[in-house]
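No value in this document is a laboratory result; all are computed from the given coordinates. Predicted model only: the values in this text are computed from it and were never measured. For neighbour counting, all protein chains shown are included, and Cβ atoms are generated from backbone atoms with ideal geometry for every residue, glycine included.
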Amino acid sequence: MRQVVHLIIIYAALLTLVGCGDGKSVRQLPHLGDTPYQQDTILVTYATNPERALTLLDSALLLGNISEYRGQCIRARIYSKSLVEQRQDSAILICKELLGHDSVRNDAAEQENILDLLIAISRAKPDYEEYMHWAAQKAELCQQQGQETERWRSEADVGFEMTRLGQEDEGLAKLDEAISHLDAPGSIDRMDAYIVAVKRKINALNALRRYEEVIPLGQRILDRLDHFESHTKDYAEDSYRLAWKDNPGERDRYLDFSRAQAWGFMAIAYSHTQNPPKGQESRYLSLAKKYLALFDNSSYGKTFAARRMISPAQMALGMYDEALATYDELEHRMGSDTLNENYAIILRSRAIAAREKRNFAEAFGYQTRYADLSRLLSDSLLKSKAHEYAARYHDQEQKLEIAQINAENQRKTIIIWAAVIIILLVSIFATWLLRQWRVIRRKNLVLVEQIGETIEYKEKYEAIVDRGEKPANAIDKNTTPVAPAIESDLLSLDDISNDELFLRLRHAIKREHLYLDPSLDRQKIMDIFQLSRHRVGAAFAQGSEFASLSDFIRDCRLEYSCNLLVTRPDLSIKEVAAKSGFNYASNYSSDFKNRYTITPSNYRELNAKK
């Protein structure tokens with residue numbers, strides 16, 4: 001049945017694609033093939049609409065504008081910027097798989113690209129040990145290739161992670177070493193690596209709450225950018241990373257991004273400085289607002305990533321509504337994935353904002369949730385495993401999607417034939433399924449008739465046996481169900497054979513409908529007929545076709561219920577079960593199915609249609 005569902009789904013998808021086969025719908029997508037900046041186009045879209053970016057990527061793969069390998073790289077890059085840890089873990093799995101490809105192992109530049117992604121993902125998670133591991137691996141690779149600029153860019157990453165892992169002095173020293181090696185104009189690539197190294201030190205100092213030291217570093221970034229704009233010809237375009245000769249727009253976007261980040265760093269530093277120089281408090285506040293305004297007015301400042309970056313400054317400056325708007329979007333993007341540090345920061349910030357607005361009850365609620373979440377986050381190993389399994393599952397889904405996209409290369413001929421074949425298969429299977437249903441229905445009708453005939457025959461047979469073998473002094477039909485009243489027969493019960501004892505017990509139990517009592521068991525039979533446990537057990541186990549008394553009672557109840565199902569359509573299955581001596585309707589249905597191979601509902605329905 002599952003295969004049929006899959007075939008129908010594929011058939012529907014193929015018919016949809018046939019309807020789009022004229023190419024008009026496809027051409028309405030952004031013309032990624034018209035520009036060499038396909039990857040940038042998709043990643044820029046992600047800043048405001050990540051799901052749209054993934055749609056663009058799938059469309060670009062479908063059109064052949066991006067290779068499968070490059071598509072995987074872009075997908076990993078998009079996932080690396082997600083707030084959902086499952087996607088971040090999926091990105092790591094994609095990158096690790098790409099590192100194992102022969103084309104990547106034999107190409108240092110491709111290895112470097114993948115390592116860059118792993119570094120970015122580990123930084124976003126954050127996973128400090130993995131971050132340092134991949135950064136060190138990249139630094140070693142670049143050193144082997146003689147790429148000193150890239151080497152020191154990676155060494156800066158290593159230094160940053162050392163500070164996060166508790167090696168503060170060693171990490172800051174390594175950062176200073178990287179900055180000093182890169183602090184010289186000469187190429188666009190060196191300038192970018194220098195800015196990256198300075199930003200890593202800023203991030204390290206922010207984590208250590210040494211905000212005063214951030215201010216001159218932010219100014220160094222601005223000075224370097226100003227120097228570049230004033231002496232552009234002194235910067236050679238020798239990098240595969242940044243080549244703006246043919247596209248000045250890309251250069252302008254880079255400058256806007258880098259300046260905006262520097263302004264953001266300085267706004268955060270000025271707003272968070274705990275002890276500004278005496279008499280400089282108002283100046284620091286004014287500068288914080290100035291750089292915040294510059295940040296907000298930049299193109300980068302309007303993106304979600306930028307608003308997320310600047311929210312600590314907004315909180316420090318009392319701009320709670322602006323910060324809370326960013327946190328609202330953060331929560332929306334995280335969805336149900338709230339077991340993470342990002343959500344803990346949101347809860348703590350909301351508590352601060354509520355307290356400052358004097359909403360103390362609301363502040364207490366957020367603070368309590370923050371404390372609870374902080375305790376949960378301490379169990380990081382369990383959380384990591386859960387996300388790893390989810391990421392592996394998600395990675396398999398992505399592989400299936402990519403396989404479907406690759407199949408589109410010859411879709412015009414394949415789709416037509418596939419549609420015809422699927423229609424034939426569905427028709428054949430539907431015919432077979434209908435025939436099987438009819439066969440099964442006929443068999444069930446016959447089965448119902450056989451059940452009724454068997455019960456009727458059994459009752460007649462038992463009546464004949466009772467009349468033919470029952471002694472003259474047997475239990476009188478007018479006596480009560482309490483067998484001890486059979487005074488003349490009490491002594492003979494112990495002397496007769498197990499077969500004869502079973503016949504007498506069966507006759508009494510069925511005649512008086514003792515089996516309709518839900519509590520009827522061996523002890524009651526022993527009490528009613530004054531028999532020992534051994535005699536009762538032997539009568540049913542050795543003197544009948546039943547293995548035990550309970551099997552016999554269950555058989556009687558089931559036969560009785562068959563009659564109720566047919567003659568009392570007003571009763572529900574639960575009521576039939578209760579009137580037949582069953583304590584639980586679920587047990588009744590299970591026993592009925594085991595005995596007759598169909599359910600009570602089916603039995604009633606088929607009897608009604610005979």
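Based on the Cβ-Cβ distance of GLU129 and LEU208, what FRET efficiency does E = 1/(1 + (r/R0)^6) give at R0 = 22 Å, to the nearest 0.05?
Values: r = 19 Å, r/R0 = 0.85.
My answer for the efficiency is 0.70.
Take the residue pairs LYS81/LYS125; LYS524/LYS574; LYS81/LYS302; LYS138/LYS233; LYS174/LYS199; LYS443/LYS579 and return only those whose Cα atoms are more than 20 Å apart. Spell out each step's value before the answer.
Numbers: LYS81/LYS125 9 Å; LYS524/LYS574 25 Å; LYS81/LYS302 17 Å; LYS138/LYS233 30 Å; LYS174/LYS199 14 Å; LYS443/LYS579 29 Å.
Cα-Cα > 20 Å for LYS524/LYS574; LYS138/LYS233; LYS443/LYS579; rest within.
Extension gain SER590-VAL420, at 0.36 nm per residue separation less the Cα-Cα distance, in nm?
The SER590-VAL420 span can extend by a further 56.8 nm.
Give me a comma-separated list of calculated 3J(HN,Hα) values for segment 453-463, in order, Karplus coefficients 6.51, -1.76, 1.60 applied at θ = phi - 60°, integers in Hz, x for any Gly or Pro.
Karplus-based 3J(HN,Hα) across segment 453-463 equals 5, 5, 4, 5, 5, 5, 5, 5, 4, 5, 5 Hz.
Figure the gain on full extension for GLU68 and THR567 (residue separation times 0.36 nm, minus the Cα-Cα span) and round it to one decimal in nm.
172.9 nm
In percent, how large is the relative contact order of segment 134-185, given Cα pairs closer than 8 Å and 6 or more residues apart? Let's see the in-between values first.
Working: 53 pairs, mean separation 15.7, N = 52.
For segment 134-185, the relative contact order is 30 percent.
Each residue of segment 497-503 in order: what ³J(HN,Hα) in whole Hz does its phi give by Karplus 6.51 cos²θ - 1.76 cosθ + 1.60, θ = phi - 60°, with x for Gly and Pro?
With the stated coefficients, segment 497-503 comes to 6, 5, 4, 5, 5, 4, 4 Hz.
With the crude spin-label approximation of a point 7 Å out along Cα→Cβ, what separation in nm comes out for ALA293 versus GLU456?
Once both label points are built, they end up 9.9 nm from each other.
Using a basic spin-label model with each label point 7 Å from the Cα along Cα→Cβ, how many nm lie between TRP437 and GLN542?
For the pair TRP437/GLN542, the computed spacing is 5.4 nm.
Taking amide H positions as placed in the peptide plane 1.01 Å from N, state which residues far from SER187 in sequence (5 or more) or on other chains have amide H under 5 Å from it.
It is ALA236, by chain and number.
R0 = 25 Å: FRET efficiency of ALA173 with GLU140, Cβ-based, nearest 0.05? Intermediate results must be reported in sequence, preceding the final value.
Details: r = 19 Å, r/R0 = 0.77.
Efficiency, rounded to the nearest 0.05: 0.80.
List the aspartates and glutamates whose Cα lies under 15 Å from the Cα of LYS609, skipping any in the same chain that are fewer than 8 positions away.
Partners found: GLU449.
Could you pull out which residues in segment 265-299 have an amide N less than 15 Å from a spot 7 Å beyond the Cα of GLU229, following the Cα-Cβ vector?
Counting backbone N atoms under 15 Å from the label point, the list is 294-295, 297-299.
Please list 3J(HN,Hα) in residue order for segment 96-103, calculated via the Karplus relation 6.51 cos²θ - 1.76 cosθ + 1.60 where θ = phi - 60°; whole Hz, with x for glycine and proline.
For segment 96-103, the Karplus curve yields 4, 5, 5, 4, x, 5, 4, 5 Hz.
Per q in 0.16, 0.25 1/Å, what log10 I(q)/I(0) does a Debye calculation on the alpha-carbon atoms of segment 281-331 return?
-0.43, -0.95
Using a Förster distance of 30 Å, how high is the FRET efficiency between ARG411 and LYS96, based on the Cβ-Cβ distance and rounded to 0.05? Mind dumping the intermediate values first?
On the way: r = 31 Å, r/R0 = 1.04.
Efficiency at R0 = 30 Å is approximately 0.45.
Can you tell me the length gained on complete extension of the stretch GLU341 to GLU362, counting 0.36 nm per residue apart and subtracting the Cα distance?
Details: separation 21, 0.36 × 21 = 7.56 nm, distance 2.07 nm.
Length difference between fully extended and current span is 5.5 nm.
Check ARG568: other-chain or 5+ apart residues with amide H under 5 Å from its amide H, H built from backbone geometry?
Under 5 Å from the amide H of ARG568 lies no amide H from a residue far enough along the sequence or on another chain.
Scan around GLY543 for amide H atoms under 5 Å from its own, H built in the peptide plane at 1.01 Å from N, and keep only partners 5 or more places away or cross-chain.
Amide H neighbours of GLY543, under 5 Å, 5+ apart: none.
Would you please put 57-65, 72-80 in order of how densely packed they are, using the mean number of other Cβ atoms within 10 angstrom per residue and starting with the highest? Let's see the in-between values first.
On the way: 57-65: 19.4, 72-80: 24.0.
So the order, starting with the most tightly packed, is 72-80, 57-65.
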